[in-house]
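First up is the structure itself, then whatever we jot down about it.
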């Protein structure tokens, strides 16, 4: 089989497995919503199927066919468009607020989160920049300074939306790409120090961020994020080794906040137990490893860096979500990729998969 004309079958198989398992978990978790509000359940299900699976499938196919050079040529305009789109959430009558956060644009029949598009656009722009100045990447003027500027723009947008989790995920992806492009260890240390200082400052400026950290040590407090974490641990503990079985979760009914969203891993833990959740985590690990293999065999530097960025975007977000449900990381509000409710998030994730499949289609032997 001609490696230049076929997508990576192993990677595609892993994606199909994640999406299939994820949809089963989503349907089960959504039963808790059905018991409370049938119309909300129906709207969420339609969004997941029509916008997420069907729209995402079309987007994945299109993305797997677009030439990488076309994306590279228009990287700046893609980023600028995503920034403008993200700022529209602050327009009265257009932006939608939920849980104190302004992250959505409401179009009536459907709402979407432009921050998902912004994360991907930042990966595309950084890949284009790092490729253009790869020989000068160790110079601060062409390496760490532009990186900090782009991440600073992301910080301003996401923090204004009260979406700290998406900002951190974007930072993980950007720094990983910078390292893959040939950054010096000294610059990586500088970024780490800036990150620690910035996170501490953010926790002092935005008390809700500090609360998420203190909850890790005081999750016996049955209020706010402490309540969510407590219920999550109860659900996962109740699952035991083999779980209660598909659809048998009790915590998804009136106990777990956002059972089909942020807390969906806890539902999976209760229904499938240690064995099932270990299998799910293994799928994400294999996804990451195969995605990085595609990056290592990419036809050019730009494609390789985009692959690194996308793999880190998807897997770091997924592992942060899982860790937060296990009280290993602060609650961030980021969904579990391919599984949590959110038609827009699933559509963008499948678009990103399409880009990776495109890169694998033209991989080097």
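The values are calculated or read from the model by the stated rules, or taken from the named source; none is laboratory data. This structure is a prediction, so every number in the text was calculated from the model and none was measured. Quick reminder, even Gly has a Cβ in these numbers, built from the backbone with ideal geometry, and neighbours come from all protein chains shown.
Residue check: is residue 316 over 28 Å from residue 49 (Cβ atoms), crowded, with 18+ Cβ neighbours inside 10 Å and in contact (Cβ under 8 Å) with a residue 24 or more places away in the chain? Judged against the criteria, residue 316 is not a match. Restricting the search to helices (runs of 4 or more DSSP H) fully inside region 23-124 and requiring at least 2 residues that are in contact (Cβ under 8 Å) with a residue 24 or more places away in the chain and under 20 Å from the mean Cα position of the chain (by Cα) gives 55-63, 75-87. Close contacts from region 239-254, counting a first residue that is on the phi > 0 side of the Ramachandran plot and surrounded by 14 or more Cβ atoms within 10 Å (Cβ to Cβ) and a second that is outside any loop (DSSP other than H, G, I, E, B) and at pLDDT 85 or above, with Cβ to Cβ under 6 Å and a gap of 6+ residues or different chains, come to 243/271; 243/272; 243/273; 243/276. Within region 133-141, is there a residue that is more than 30 Å from residue 272 (Cβ to Cβ), outside any helix (DSSP H, G or I), touching a strand residue (DSSP E or B) at 6+ places or on another chain (Cβ under 7 Å) and touching a residue at least 40 places away in the same chain (Cβ under 8 Å)? No.
The condition of being at pLDDT below 90 and crowded, with 20+ Cβ neighbours inside 10 Å holds for residue 113. When we screen 132, 120 for residues that are under 24 Å from residue 359 (Cβ atoms), crowded, with 22+ Cβ neighbours inside 10 Å and at pLDDT 90 or above, the only hit is 120.
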